[in-house]
Structure formats: C-alpha cells, structure tokens
Amino acid sequence: MKAFFTVKRLSFMSINELPNSWSDHDYKSLLEIMQYDDTADLTPEELKEMCLMSLTDNDAEDAAKIVLEYVFKDRLTKGQIENIANEMLDEKMWEEHADISLHEAFFNVNQLLHRAFNGKFPNPEAVKFQVHLTAAREDGLAVFKHFPEAPLIRLLVAGMPDNTLIFRLFEEQVDGEEFNDARDIIWQLKMEKTNDKEIVFTVISSMYWFHDFKYVEAFDADTHPDEISGAIN
C-alpha cells in the first residue's frame, strides 16, 4: 500500500540532552557504585549534581567505564567497555559505533560525561523536530498504524537530498518492505492525529541522521509500511 502526503516541517532544533534520559534511580545507582550511599535526603537536583561531582573524583576514562558498565552491563563485554571508555574521549560513539541500536544509549552516556567533565568528552548533538503530514486519501494514515518509524523515515528521506546519509546507508530498506533499522534511527517518537487526514509527528534523533532536514520546508511524497508490520492494505 502506497500512501501520498504533503509534508511540512513545523520546527527544527538542536538539543544536547534527551528527555527522560536519566532518572533519580539512575543517579542513586551510580552513586552507590561509586560508594556514596547517603542519598536519602538529597533532592532530585542534588542527586544529579552529586553524581556529576562523584564522577569527577575519577579520571575521565575511569568515569566512562563506571557509566558504561552501568548502562551496558548486559550488552557489552568488559573488554569492549575498556576500549570504548578510551575511544569516547575523542570519538562520537553515538554516531560511529557499528551497532546503531546502541546509539541512543551512547548519546546519554556521553551527555552525562560531557557535563561532568566540562567538555572533556565530545559535545553530543541531537535533533528535535516536528512535521505535519496531510494524507491525499482518508485511509492514508493507516500506513502509520504499526511500526510508524519505517514509513515516516521513508517519507522524510524523500524530502532530503539524494545523497542524504540515511538513504546512502539504508537504500535497500528505504525502498524495500522491511526497515528494521528505523527503530534505532528514530530515538523517540510522538504522534498527534489532528483529524482523519492529518497527523503531527515529533521526532527526536541524532543530528547525524537528520541534519539535512533542517533545510526542508514542504514537499509532496509517497511512503509505504513494512510488509511485516501488519498494516492493512
């Protein structure tokens, strides 16, 4: 099923911290790992500041290991963590790591360390933007019923240059019937249906993927859902 839309970019902004990336529980857990146990009377803001201060009691690479082990304890080996802790002082792991399913978590790790060490780690840059879609037909919004990230990215790519990174790396998935990597390209997604033919998406992702969308205003394009998504044809 192909669906045709008019796409209009409503907003586009750079952000350096993702919504709800770190919780009070996370800060407490990190403080406990660093052997700071007296957290009962700390306010949420104090918890955060104490966590940042405690990280700087370590050198930058050791602090990176602490946060990486907490976040990735079930997904990365000890050797991988040691290597990445050193590499992330200079490299943008939220863009460069081979496994893009880890990119959002790497962004959050880097953001915390960047703030704690006053810029010693690279400054992470994400993007938050809104797009308004108007379907050509009343049943057009059905393409977003299951796994909306896939058809949405196909639509957004259509408005960006032919050499845009997503299309260059994932051309077969964009044109094909399965776009499994779409889940990891879009980190956070909210949608608000305004009527039977219109919907507004709020997208949070890496600037790495969507910097070209900054220059897009409005365009017409078609998209299609994944074959495995179960969307009604």
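Quick note: the coordinates plus some simple rules give every number you see, no bench work behind them. Note that the structure is a prediction, hence the values are computed from the model and not measured. Ideal geometry is used to build each Cβ from the backbone, glycine not excepted, and the neighbour counts take in all protein chains shown.
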What are the principal axis extents of the Cα atoms in the chain, in Å, biggest first? 59, 36, 33
Which Cα, out of 10, 100, 50, lies furthest along the positive dipole direction of the chain (beta carbon charges, K/R +1, D/E -1)? 10
If you place +1 on the Cβ of every Lys and Arg, -1 on the Cβ of every Asp and Glu, and leave all else neutral, what size is the dipole of the stretch 86-125 about its Cα centre, to the nearest 20 Debye? 280 debye
Stick to the Cα atoms of the stretch 24-116, pair each with every other, and give me the Kirkwood hydrodynamic radius in Å at one decimal. 13.5 Å
With R₀ set to 22 angstrom, the calculated FRET efficiency between the beta-carbons of residue 90 and residue 214, to the nearest 0.05, is 0.25
Ranking 198, 138 by Cβ neighbours within 10 Å, fewest first, what do you get? 138, 198
Using alpha carbons only, how many degrees (0 to 90, rounded to 10) separate the axis of helix 78-87 from the longest principal axis of the chain? 80 degrees
Which residue, chosen from 144, 204, 112, occupies the Cα position most advanced towards the positive end of the dipole of the stretch 110-233, where the dipole is computed from +1 (Lys, Arg) and -1 (Asp, Glu) charges on Cβ about the Cα centre? 112
Modelling each spin label as a point 7 Å along the Cα-to-Cβ direction, I'd like the residue 163/residue 192 distance in nm, to one decimal. 3.7 nm
Pulled fully out, how much extra length does the chain show between residue 24 and residue 41, if you take 0.36 nm times their separation in residues and subtract their Cα-Cα distance? 4.9 nm
For the stretch 35-45, 3J(HN,Hα) per residue [Karplus equation, 6.51 cos²θ - 1.76 cosθ + 1.60, θ = phi - 60°, Hz, x = Gly/Pro]: 6, 10, 9, 8, 10, 4, 9, 7, 6, x, 5
With everything on Cα atoms, drop me the angle between helix 103-116 and the longest principal axis of the chain, reported from 0 to 90° to the nearest 10. 40 degrees
